[in-house]
Protein chains: 2
Amino acid sequence: MQDIRSMSGTTFEADAENVMREITSVLDPSKHKGQAGKIAVIGGCREYTGAPYFAAISALKIGADLSHVFCTKDAAPVIKSYSPELIVHPILEESYNISGLEDEERRCISSKILAEVDKWMERFDCLVVGPGLGRDPYLLECVSEIMKHARQSNVPIVIDGDGLFLVTNSIALVSGYPLAVLTPNVNEYKRLVQKVLNCEVNDRDAPELLQSLAKQIGGVTILQKGKSDLISDGEIAKSVSIYGSPRRCGGQGDILSGSVAVFLSWARAKGKATTSQMNPTVLGCIAGSALLRKAASLAFKDKKRSTLTTDIIECLGRSLEDICPAC
Amino acid sequence: MQDIRSMSGTTFEADAENVMREITSVLDPSKHKGQAGKIAVIGGCREYTGAPYFAAISALKIGADLSHVFCTKDAAPVIKSYSPELIVHPILEESYNISGLEDEERRCISSKILAEVDKWMERFDCLVVGPGLGRDPYLLECVSEIMKHARQSNVPIVIDGDGLFLVTNSIALVSGYPLAVLTPNVNEYKRLVQKVLNCEVNDRDAPELLQSLAKQIGGVTILQKGKSDLISDGEIAKSVSIYGSPRRCGGQGDILSGSVAVFLSWARAKGKATTSQMNPTVLGCIAGSALLRKAASLAFKDKKRSTLTTDIIECLGRSLEDICPAC
């Protein structure tokens, strides 16, 4: 296979700090609320409430103006209680809650959920689908419809966690949509490769395989998480290898998905103004990956083995400030 | 009775700091999420929500990657709201909530609860049974079944609080299971001794009695909490006498059970690699006891009479770092 360096025509490791400086939204007193980003997380169910909170609060801590969460009725009061900064919509339903209903009534509830999300859709700069979503079939069916509507409205979608479970089984949801970003971990990536390319993952040709996968799904962007993060949209492949932390506490992937959502929104807003001319989804992934790593490293310096995801979130602001100061 | 020093062939007081250094999981960037420990706490009911939180969050603060809580539906939103870092499953039921149901329906609910826990069981490195469990008969029956399944899957079980009430009345649940750890306080210990050995506790031959008790229950490990903690698996007896704090605020036992769960998981993972060749459950108890004492002492220095369990939890990281630095 062709060498990745010659394929991309640039060095493989991304110049992540420069990317961050280039795309980060300029703070300007003349701007109004919303212009620095409006993000929505679709996730949070009876079982999981921490993950959507981590994604949504990370978006705000990086500099987004508004962060919404669309979750189940059970999850909403808990997610609201984590922070008054989030706007939490208790609208999704799980099967157990509608088990006695006729098909017609279930469809009616689905339509209402979809109408509720649609009211907001055009205002969002990016959706994050998956943190704490769970795998309830009825809920996932609703979320599939939400994704179709987002796509019709050209709203970018970052997909993680159980969102990847959904997409791996229904690849058409993202296939050919260049504003979709998938952020699989080792196991999620294996399943994607098996499903789409019908082969096994091997470490030797990692960037080439990733690039083939992204191309095969019609130019979506994939951020493959690992010791180094690898990013490809099918045209180009980049790595981010900045040292983060050896802590592997759950929830760091949620920070990443929220961060990528904000950065890719900023990169899209800059449009052709970026000198690198790279795909904004790739720029968003590079910046999100690098920021998480910086913040994790900073948190670990202080908290060591005790480092938890909330500690890393507290370091997002300082990490970004170190690289591109607000004023 | 034989002197304990000659029985064990080593000094009686454990070299706790060395044990901690020996078993604590090495942080390594190539590891992935879960490899530093996945713990589950079974506890939390309408009445108690703090205890399972203390146990589960302590596990994370020491360095576990994932910490779950399986509790009643009432307790879940509250425990979730304490921290987004925990994964809380609202699945257990108490009698008052199913009082109108037929036996058949009650059995059906039990089966569902058990199936829900079973989905996760093999992923856990250790269960902690008891913090905030309560004594509802229906709930305890379900928990007995969960313990049987854990045992079939060779998952270690640390038993504290109302879990000890359950086990003291149904000793067969742990009898002959070398991966069971009981952590009784003075009164819980008295009841255990009366039930199993049919005698009274006396302070003179404390280690010998403890050793007999552990042997009689078929080689479970017992951590007898007191001014000094005594630990025995029936073969060996060790004490941990590091000075802690004179504060006796509720909840410290929950920190201990969560800590022992993490350390014994680490000790098991190291297996024969530990030079001491001691039973990993004993090593886990020694490390957990010593860490709690160090953290309590640190918290007390700062907060004096005001010291609460949350203050001690905040000192777990620094206490571990002082003894075995992360890098």
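Annotation note: Cβ proximity below 8 Å between a residue of the stretch A:222-241 that is over 15 Å from A:Asn185 (Cα atoms) and a residue that is assigned to a strand (DSSP E or B) and of a type in the set (Gly, Ala, Ser) (sequence gap 6+ or interchain) occurs for A:Lys238/A:Ser232. The set of residues in the stretch A:185-212 that are hydrophobic (A, V, I, L, M, F, W, C) and closer than 22 Å to A:Leu292 by Cβ comprises A:Val186, A:Leu192, A:Ala206, A:Leu210. If you check B:Leu316, B:Leu320, which single one turns out to be buried (at least 16 other Cβ atoms within 10 Å of the Cβ), within 14 Å of chain A (Cβ to nearest Cβ) and under 23 Å from B:Tyr82 (Cα atoms)? Just one listed residue meets the conditions, B:Leu316.
What number of residues within the stretch A:36-59 satisfy the criterion of being touching a Lys or Arg at 6+ places or on another chain (Cβ under 7 Å) and within 12 Å of chain B (Cβ to nearest Cβ)? Final tally of qualifying residues: 1. The condition (being in contact with a strand residue (DSSP E or B) (Cβ under 7 Å, 6 or more places away or on another chain) and over 30 Å from B:Leu27 (Cα atoms)) is satisfied by just one residue among B:Gln216, B:Gln224: B:Gln224. Give the residues of the stretch B:288-311 that are more than 13 Å from chain A (Cβ to nearest Cβ) and open to solvent by less than 10 Å² (accessible area, probe 1.4 Å), sorted by residue number. Matches in the stretch B:288-311: B:Gly288, B:Ser289, B:Ala290, B:Ala296, B:Ala299, B:Thr307, B:Thr309. Listed conditions (1) surrounded by fewer than 24 Cβ atoms within 10 Å (Cβ to Cβ); (2) among the small types (Gly, Ala, Ser); (3) over 23 Å from A:Ser81 (Cβ atoms) are all met by B:Gly50, apart from (3).
Among the residues of the stretch A:167-219, what is the count of those that are among the acidic types (Asp, Glu), buried (at least 19 other Cβ atoms within 10 Å of the Cβ) and modelled with pLDDT under 95?
Adding up the residues that qualify gives 0.
Can you tell me how many residues within the stretch A:99-120 are surrounded by 13 or more Cβ atoms within 10 Å (Cβ to Cβ), aliphatic (A, V, I, L, M) and out of contact with any helix residue (DSSP H, G or I) (no Cβ under 6 Å at 6 or more places or on another chain)? Residues flagged as surrounded by 13 or more Cβ atoms within 10 Å (Cβ to Cβ), aliphatic (A, V, I, L, M) and out of contact with any helix residue (DSSP H, G or I) (no Cβ under 6 Å at 6 or more places or on another chain) within the stretch A:99-120 amount to 2. State all residues of the stretch B:60-117 that are polar (S, T, N, Q), without any contact (Cβ under 8 Å) to a residue 12 or more places away in the chain and away from every other protein chain (no Cβ under 14 Å); if no residue qualifies, say none. If the condition is that a residue be polar (S, T, N, Q), without any contact (Cβ under 8 Å) to a residue 12 or more places away in the chain and away from every other protein chain (no Cβ under 14 Å), then B:Ser99, B:Ser111 are the ones that fit.
The sole residue among A:Pro184, A:Pro178, A:Pro246 that is within 14 Å of chain B (Cβ to nearest Cβ), assigned to a loop (DSSP other than H, G, I, E, B) and within 30 Å of A:Leu92 (Cβ to Cβ) is A:Pro184.
How many residues does the stretch A:60-88 hold that are crowded, with 19+ Cβ neighbours inside 10 Å, within 21 Å of the chain's Cα centre (by Cα) and either under 30 Å from A:His32 (Cβ atoms) or among the β-branched types (Val, Ile, Thr) (or both)?
Residues flagged as crowded, with 19+ Cβ neighbours inside 10 Å, within 21 Å of the chain's Cα centre (by Cα) and either under 30 Å from A:His32 (Cβ atoms) or among the β-branched types (Val, Ile, Thr) (or both) within the stretch A:60-88 amount to 16.
Look through the stretch A:213-243, keep the residues that are within 14 Å of chain B (Cβ to nearest Cβ) and not β-branched (Val, Ile, Thr), and return whichever of them is farthest from A:Val174 (Cα to Cα). So the residue we want is A:Tyr243. Scanning the stretch A:14-46 for residues that are surrounded by fewer than 15 Cβ atoms within 10 Å (Cβ to Cβ), out of contact with any Asp or Glu (no Cβ under 8 Å at 6 or more places or on another chain) and in a loop (DSSP other than H, G, I, E, B) gives A:Val26, A:Leu27, A:Asp28, A:Pro29, A:Ser30, A:Lys31, A:His32.
The condition of being out of contact with any Phe, Trp or Tyr (no Cβ under 6 Å at 6 or more places or on another chain), basic (Lys, Arg) and either within 16 Å of B:Thr24 (Cβ to Cβ) or assigned to a loop (DSSP other than H, G, I, E, B) (or both) holds for only one of B:Lys238, B:Lys301, B:Lys294, that being B:Lys294.
Within the stretch B:133-159, track down each residue that is open to solvent by 10 Å² or more (accessible area, probe 1.4 Å) and in contact (Cβ under 8 Å) with a residue 60 or more places away in the chain. Passing the criteria: only B:Asp136.
Taking the stretch A:257-279, which residues are part of a helix (DSSP H, G or I), surrounded by fewer than 24 Cβ atoms within 10 Å (Cβ to Cβ) and under 20 Å from the mean Cα position of the chain (by Cα)? A:Arg268, A:Ala269, A:Lys270, A:Gly271 - these are the residues of the stretch A:257-279 that are part of a helix (DSSP H, G or I), surrounded by fewer than 24 Cβ atoms within 10 Å (Cβ to Cβ) and under 20 Å from the mean Cα position of the chain (by Cα).
For B:Val129, the criteria (1) touching a Cys at 6+ places or on another chain (Cβ under 8 Å); (2) touching a residue at least 40 places away in the same chain (Cβ under 8 Å); (3) buried (at least 22 other Cβ atoms within 10 Å of the Cβ) hold in every case but one, which is (1).
Scanning the stretch B:182-205 for residues that are touching a helix residue (DSSP H, G or I) at 6+ places or on another chain (Cβ under 9 Å) and among the aliphatic types (A, V, I, L, M) gives B:Leu182, B:Leu192, B:Val193, B:Val196, B:Leu197, B:Val201.
The values are calculated or read from the model by the stated rules, or taken from the named source; none is laboratory data. Since we're looking at a predicted model, the values are computed, not measured. Ideal geometry is used to build each Cβ from the backbone, glycine not excepted, and the neighbour counts take in all protein chains shown. Side chains included, ligands, DNA and RNA excluded: accessible areas come from the protein's heavy atoms. Shrake-Rupley method; radii C 1.70, N 1.55, O 1.52, S 1.80 Å.
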